[in-house]
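Following: one structure in structure tokens, then a few remarks.
The values are calculated or read from the model by the stated rules, or taken from the named source; none is laboratory data. Just so it is clear, the model here is predicted, and its values are computed rather than measured. Virtual Cβ from ideal backbone geometry, glycine too; neighbours counted across all protein chains shown.
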């Protein structure tokens with residue numbers, strides 16, 4: 001008897017044919033597990049048959065164009081096995097290249113996969129440009145412009161010095177193409193000596209650092225060397241702190257469902273370690289239920305109002321981003337709330353993590369895994385002529 005998908009209500013086989021396959025693109029590495037996010041990918045593979053999908057992990061550079069196959073990783077008990085399988089027709093990019101060489105290899109593999117006549121594939125999720133590009137698009141829309149903190153491109157020590165003079169002696173610098181809180185820098189005039197600067201942040205390995213009372217010229221030079229030509233943005237150092245001085249932000253995970261519509265998977269508060277300039281879980285932060293956390297900060301009425309404002313803002317941001325960059329499967333949207341209760345949009349993530357959703361409830365955590373699969377099935381069984389993503393490796 002055919003099984004009915006609970007979302008799309010179309011019949012499918014419990015043993016999905018290879019034609020209905022979702023390849024989770026990863027970057028292989030030494031050791032076990034052989035790639036990042038192995039536990040999440042294992043859950044995807046286990047849930048795949050419920051949506052009529054065969055799910056496997058693979059590195060795009062393993063594509064054999066002559067046979068149209070790739071080398072896949074499949075769960076095998078508590079470990080993983082390798083197997084040659086037909087290239088997937090849909091790719092879910094969850095890769096985290098570890099260095100520039102691996103990044104080039106990964107992107108080259110995606111291009112070959114997209115261009116191969118026998119293994120042409122589509123991308124489940126869209127891509128965004130760097131943070132500065134996203135800022136410019138959102139700034140051009142009245143609905144989203146009011147959510148944005150002042151933002152400018154870093155153009156060397158003089159640009160940062162000018163920024164400090166115009167923004168109360170403080171700045172927050174983020175790599176335009178960064179993620180997980182790596183390489184962020186917070187700089188401010190030292191309260192005991194305005195001629196010196198305090199510099200805090202995280203290095204490329206996501207390890208926190210703190211330097212006190214550097215002469216301004218020396219501090220600006222060291223920051224410029226740390227940036228090293230990478231594109232960076234500068235923003236005010238917003239007062240995004242909780243009741244005991246900890247940094248925090250709000251993660252809204254938005255996903256498309258099995259009917260192609262947007263839905264909210266959950267909202268979680270992400271709380272940084274005391275003294276940290278970031279709240280990312282990868283940098284040692286923790287997650288908490290958003291409603292409970294905001295209620296403790298602002299009370300029942302304002303907490304409910306902020307959550308409603310955040311949900312409306314998330315829809316506006318998604319509408320503007322899709323109007324410029326095409327359709328997305330999911331987006332992790334980060335918001336800050338300052339001490340006055342003002343909402344700020346911080347950034348959008350096309351590869352959002354799942355760990356914080358556990359604090360949004362069991363339903364949110366489960367949906368965070370299931371919805372990409374339901375949407376993948378929707379894409380693969382779409383009516384003829386329906387547009388969906390092809391690769392645009394950046």
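Looking at segment 121-206, what helices (runs of 4 or more DSSP H) fall wholly within it and have at least 1 residues that are under 30 Å from residue 379 (Cα atoms) and touching a helix residue (DSSP H, G or I) at 6+ places or on another chain (Cβ under 7 Å)?
So the answer is 131-139, 142-145.
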How about segment 235-248: which of its residues are over 23 Å from residue 135 (Cα atoms) and either in contact with a helix residue (DSSP H, G or I) (Cβ under 7 Å, 6 or more places away or on another chain) or modelled with pLDDT of 90 or more (or both)? 242, 243
I'd like the full set of residues that are surrounded by fewer than 21 Cβ atoms within 10 Å (Cβ to Cβ) and within 15 Å of residue 294 (Cα to Cα), limited to segment 241-270. 241, 242, 243, 244, 245, 246
Considering only residues that are surrounded by fewer than 19 Cβ atoms within 10 Å (Cβ to Cβ) and in contact with a strand residue (DSSP E or B) (Cβ under 9 Å, 6 or more places away or on another chain), which ones fall in segment 323-333? 327
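This table checks each residue for (1) in a strand (DSSP E or B); (2) at pLDDT 85 or above; (3) under 20 Å from the mean Cα position of the chain (by Cα).
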position: 221; (1), (2), (3): no, yes, no
position: 233; (1), (2), (3): yes, yes, yes
position: 259; (1), (2), (3): no, yes, no
position: 273; (1), (2), (3): no, no, no
position: 308; (1), (2), (3): no, yes, no
Only one residue in 145, 76 is assigned by TED's automatic domain parsing to the domain that holds residue 317, modelled with pLDDT of 90 or more and surrounded by fewer than 16 Cβ atoms within 10 Å (Cβ to Cβ). Which one? 145
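Could you please find all residues in segment 21-41 being within 23 Å of residue 375 (Cα to Cα) and buried (at least 21 other Cβ atoms within 10 Å of the Cβ)?
21, 22, 23, 24, 25, 26, 41
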Only one of 376, 355, 304, 313 that is surrounded by fewer than 20 Cβ atoms within 10 Å (Cβ to Cβ) and more than 16 Å from the chain's Cα centre (by Cα): 304
Residue pairs, Cβ under 7 Å, 6 or more apart or interchain, first in segment 258-285 and closer than 28 Å to residue 237 by Cβ, second assigned to a loop (DSSP other than H, G, I, E, B) and modelled with pLDDT of 90 or more. List them. 277/184; 278/184
